[in-house]
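Just below is one structure, and these are the notes that go with it.
Laboratory data are not the source of any read-out in this text; all were calculated from the coordinates shown. Source: prediction; values computed, not measured. Backbone-built Cβ (ideal geometry, glycine too); neighbour counts: all protein chains shown.
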Amino acid sequence: MKSLHLTVACEDYDRTRPLKDGIVKPEGVEINYLVMPVEEIFWRMMKYEEFDVSELSMGAFLTAAAGGRRPFVAIPVFPSRTFRHRCIFVNTASGVERVEDLRGKRMGVPEYSMTAAVWLRGLFQHEYGVAPGDIYWVQAGEEHPGRKDRVDFEMPPGVRMESRPDTTLNAMIESGEIDAMMSPRMPGCFLEGSPRVKRLFPDYRRAEMAYFKKTGLFPIMHVIVIKRAIYEKRPWVAQTLYKAFCAAKEICMRELYDTNILRVSLPWTSAEYETTRDLMTADYWPYGLEPNRANLETLHGYLYEQGLIKQKLNLDELFARETVEAFKI
């Protein structure tokens, strides 16, 4: 029987690289693995549905589904998850020293609906009492003018935002035109050592670890989706791909804690792994729906609370049913 050929668009992560490199081969499937920046993947998949399988913004996937657009089915593989305290930058003349100081300030954001921004607004509101309506939002590209949101949504009542297609967040944070910005990428001025820009959480590692200890959440950012037309014709593809992504991650985790050689070019990767394992358990990057249900429900709740979705979703219906429960030997 001929193999099914699928194009997979995904970043080059250590946890997916065995799949990219052909070390892990999904049963009955030939993979054409395309590596590109996630911003490009998301734009092309959300706008044009270009790929058979792709990494996708978790927030965009849920927002589109709530709006009735469901061209994809997800498998519970989460290639990107990260804490976001490190992603908040402030102008040093703004007077912002803590989250509570953001009330009444101008906060830049690349896309109001992006998953990272949803998580951070949830953090602000639930951990510090600062609601989205307490901040004046400014949307612009991080380093290039003209960026827009990938998903269609209505700004929630009471939330103020202006779009600035003529400039960038990098330029505005350094000049002081905005007081703060949240961005997955560090702004160029910060990387270049500008004395006018700093992190809101200088010791972000400590803040993020404290957040995990309190909430148990390691925020999910992205998910793997399959075009629904492919899944409905060949439902076996979902379980096959899920198993392959799991196998790739297992190889990654084994090699990450290989003390014989340094596979990562940092001297204390073993110590870092042990610290992470002791805090978050050995399976700190779980796949599967049940181990991630609290995480997904939290993001889902933030989207609803922030007015980006108008109705609650049944999360189970969004994932391929073949991957919700696995066989056991």
task: May I ask what percent, to the nearest 5, of DSSP beta bridges between residues of the stretch 85-215 are antiparallel?
output: 35
message: Give me the extension gain from residue 214 to residue 312: residue separation times 0.36 nm, minus the current Cα-Cα distance, reported in nm with one decimal.
response: 32.7 nm
field: Local electrostatic count at residue 304 - Lys and Arg +1, Asp and Glu -1, tallied over other residues with Cβ under 15 Å
entry: 0
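Quick one: which of 2/233; 148/227; 20/312; 20/233; 25/233 span more than 26 angstrom between C-alpha atoms?
Numbers: 2/233 16 Å; 148/227 24 Å; 20/312 35 Å; 20/233 24 Å; 25/233 21 Å.
Over 26 Å apart, Cα to Cα: 20/312.
Set the Förster radius R0 to 25 Å, insert the Cβ-Cβ distance between residue 69 and residue 272 as r into 1/(1 + (r/R0)^6), and round the FRET efficiency to 0.05. List each step's numbers first, then the result.
Details: r = 40 Å, r/R0 = 1.60.
Here the calculated transfer efficiency is 0.05.
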query: What are the residues whose amide H is under 5 Å from the amide H of residue 24, where those residues sit 5 or more places off or on another chain and H is modelled from the backbone?
result: 19
task: Using per-residue counts of other Cβ atoms within 10 Å, averaged over each peptide, order 122-129, 151-158 from highest down.
output: 122-129, 151-158
message: Using only alpha-carbon positions, what ratio does the radius of gyration of the stretch 168-313 give when scaled by 2.2 N^0.38 Å?
response: 1.36
message: Once R0 is set to 56 Å, what does the formula 1/(1 + (r/R0)^6) return for the Cβ-Cβ distance between residue 23 and residue 207, expressed as a FRET efficiency to the nearest 0.05?
response: 0.95
task: Starting from 0 in steps of 5 Å, tell me what percent of the Cα-Cα pairs of the stretch 1-147 lands in each bin.
output: 2, 8, 14, 18, 16, 13, 11, 8, 5, 3, 1, 1, 0, 0
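Go ahead and run the numbers for FRET between residue 234 and residue 258, Cβ-Cβ distance against an R0 of 30 Å, rounding to 0.05. Each step should come with its number before you reach the end.
On the way: r = 37 Å, r/R0 = 1.22.
After rounding, the FRET efficiency stands at 0.25.
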task: Kindly write out, for the stretch 123-139 in residue order, the coupling ³J(HN,Hα) from the Karplus curve 6.51 cos²θ - 1.76 cosθ + 1.60 (θ = phi - 60°), rounded to whole Hz, with x marking Gly and Pro.
output: 4, 4, 6, 8, 9, 10, x, 9, 7, x, x, 7, 10, 9, 9, 10, 9
By average C-beta atoms within 10 angstrom, highest first, the peptides 132-145, 53-66: 53-66, 132-145
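Write down the Kirkwood hydrodynamic radius of the chain, to one decimal in angstroms, obtained as one divided by the mean of 1/r over all alpha carbon pairs.
Values: mean 1/r = 0.0477 Å⁻¹.
Every distinct Cα pair counted, the radius reaches 21.0 Å.
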query: If the chain between residue 177 and residue 196 were fully stretched, how many nm would it gain, using 0.36 nm times the residue separation less the Cα-Cα distance?
result: 5.7 nm
field: Extended-chain gain in nm, criterion 0.36 nm per residue less alpha-carbon gap, residue 11 and residue 30
entry: 5.0 nm
- request: Report the dimensions of the stretch 85-215 along its three principal axes from the alpha-carbon atoms, largest first, rounded to Å.
  value: 40, 36, 24
query: With point charges of +1 on the Cβ of Lys and Arg and -1 on the Cβ of Asp and Glu, referenced to the Cα centre of the chain, which listed residue (90, 261, 43) lies farthest in the positive direction of the dipole?
result: 43
- request: Rounded to the nearest 10 degrees, what's the angle between the helix 293-305 long axis and the longest principal axis of the chain, both from Cα atoms, 0 to 90?
  value: 40
